[in-house]
Amino acid sequence: MEGLSLILQSALACVLVLLALLSVQLAVLGILRVYRPQPRVRVPHLPDEALPRVLVQLPVCDEGALAVRVAAAAARLDWPRDKLEIQVLDDGRFENHAALVAAIRNAIPADVNLSILRRGERTGFKAGNLAFGLVHSDAPYVAIFDADFVPPSDFLRRMVPALVSDPGLAFVQARWTHANRERNWLTCAQGLLLDSHFAVEQEARFRAGLPISFNGTAGIWRRDAIDSGGGWTGDTLTEDLDLSIRCALKGWRAAMMSDIEVPGELPETAAAWRAQQARWTKGHAQVARKLIPTIWRSSFPVWKKAVMTAQICQFAFYTLAATSVAISLTLMAMGVVYMRSVAHLGLAVTAFGFMVSISYLYLGQAMLGRQHLPRLARSIVLALIFPSGLVLSNTRAAFEAFAGTQMVFVRTPKAGAAYAGGWRGWPEIVVGLLLPIFALSEQAWSAPFFIVAVAGLISIGGMGLSGSMPARTIARDPARDSIQF
């Protein structure tokens, strides 16, 4: 028994060290964001005759009115008509295609060069859809927008010249904003998390000259970079991260243009958010399995290999957190008293993790000038609690990625759409209720973690049982939902 206790406590110490390293990564990115100057991105004025041809790809899949809305927004882009090509890439059900075509044709002026393509099968999911569209165009620059985003009319004018002026850039990424950010507490928390991702993490990597990842939408790619990196491939669920890293390994750079905002929509229910986050976690784990060996075989310096590995492996937080809980509960069941060094390590890692997470969330708001907004403290607390409720689903997603189970692309249900999966919150509710029972005698250092984990599990599970979140300030837009498929 004593030997097993030593092994388990040693394993717990290793897990805690890895969790601490993830917190260190966030802390370093925060410091870089504050103290590193922003690189100058040249955006020269280009007369119309000097503008290149641009392809705008709109991958959609049974998105209804949102697909029509994004197509209409793409048609309003300020770019010479003879140099703008728009592709609506319909990966939805066959019975919806004719209605989609009719709705888009009715909403788009006849002089817009727009094609609606349907490949008839979903091999490779979104990556396969984008690759299919590229076969039908040779435009040197490719802008991509998901259905729930609405690009401003000057998007291409402000973004494309940066790529034209710097042949080493693979892509430029704009910052997301959120039209339904104030819809409910869950969307408020998501808004904070994504603000920090863009305003702190992405911006810090850009300022430090580190690889940044394409966010799947609201960006423009150089076609040569896509081809050089091996093209869009559907062997992971995060094709954006996959191609970004492959291009970085080929020596391509990317730029973050944070002053350009593209509004999108956040998942409004726990079921939709949980599905989205599980897909992203599984995709990151698949990219880690696929590309980490390639990264470490590359000629990059060791520090850069380590940074890229840490960038891909952020998903590991959930697996590590679940592992630490499992080991702790096992030691409790054995009646083991922790070694003082392990208890002190746990206390330090827990305190450091909370401090860094709170600072990361606050810094994201401060960098955007939102630090004085009302209810900020509550939103930060919720942004800590709600992700903790994803520990079960995201741990399972990571396990499935490394176990090599079948690829299933679970689309994020859009606003107003019902969740078609079987999850209704019971796993989180059950684990959230059992955890405090088992943890009553736990060491004091882990109490804050258990409190947050239980609150997160109960919150997400409760929202899953209720099926929705209560609306607060933003009403549904009738025009957006008027077209049914």
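Read-outs throughout are calculated quantities, based only on the coordinates presented, and are distinct from any laboratory measurement. Remember, it's a predicted structure, so these values are computed and weren't measured experimentally. Cβ coordinates were reconstructed from backbone atoms using ideal geometry, including for glycine residues, and neighbour counts include every protein chain displayed.
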Run lengths n ≥ 4 of DSSP H only: what is the helix-derived mean residue ellipticity at 222 nm for the chain, with -39500 (n - 2.57) per run over all residues, to the nearest 500? -17500 deg cm²/dmol
List Cys188, Cys14, Cys61 from most exposed to least, where exposure is judged by having the fewest other Cβ atoms within 10 Å. Cys14, Cys61, Cys188
Can you work out the FRET efficiency for the pair Arg157 and Leu4, with r the C-beta to C-beta distance and R0 = 45 Å, to the nearest 0.05? 0.10
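Express the relative contact order of the chain as a whole percentage, based on alpha carbon pairs under 8 Å and six or more residues apart in sequence.
After rounding, I find 21 percent.
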I'd like the distance separating the alpha-carbon centroids of segment 338-404 and segment 232-309, in whole Å. 20
Taking GluC sites (Glu not before Pro) as exposed when DSSP calls them loop (any state but H, G, I, E, B) and at most 15 other Cβ atoms lie within 10 Å, what is the longest stretch of the chain free of them, the sites themselves excluded? 183-485
For Gln57, distant residues with modelled amide H under 5 Å away: Gln87, Ala143, Ile144, Phe145
Between Ala72 and Asp235, what is the FRET efficiency for a Förster distance of 25 Å, r being their Cβ-Cβ separation, to the nearest 0.05? 0.15
Which entries in Lys282/Lys304; Lys83/Lys126; Lys83/Lys290; Lys282/Lys305 show an alpha-carbon gap greater than 29 Å? Lys83/Lys290
Under the Karplus relation 6.51 cos²θ - 1.76 cosθ + 1.60, θ = phi - 60°, what is the ordered set of whole-Hz ³J(HN,Hα) values for segment 127-134, x standing for Gly and Pro? 4, x, 5, 5, 5, 4, x, 5
Per-residue HN-Hα couplings for segment 145-158 [Karplus 6.51, -1.76, 1.60; θ = phi - 60°; Hz; x = Gly/Pro]: 9, 6, 5, 8, 10, 10, x, x, 5, 8, 4, 5, 4, 8
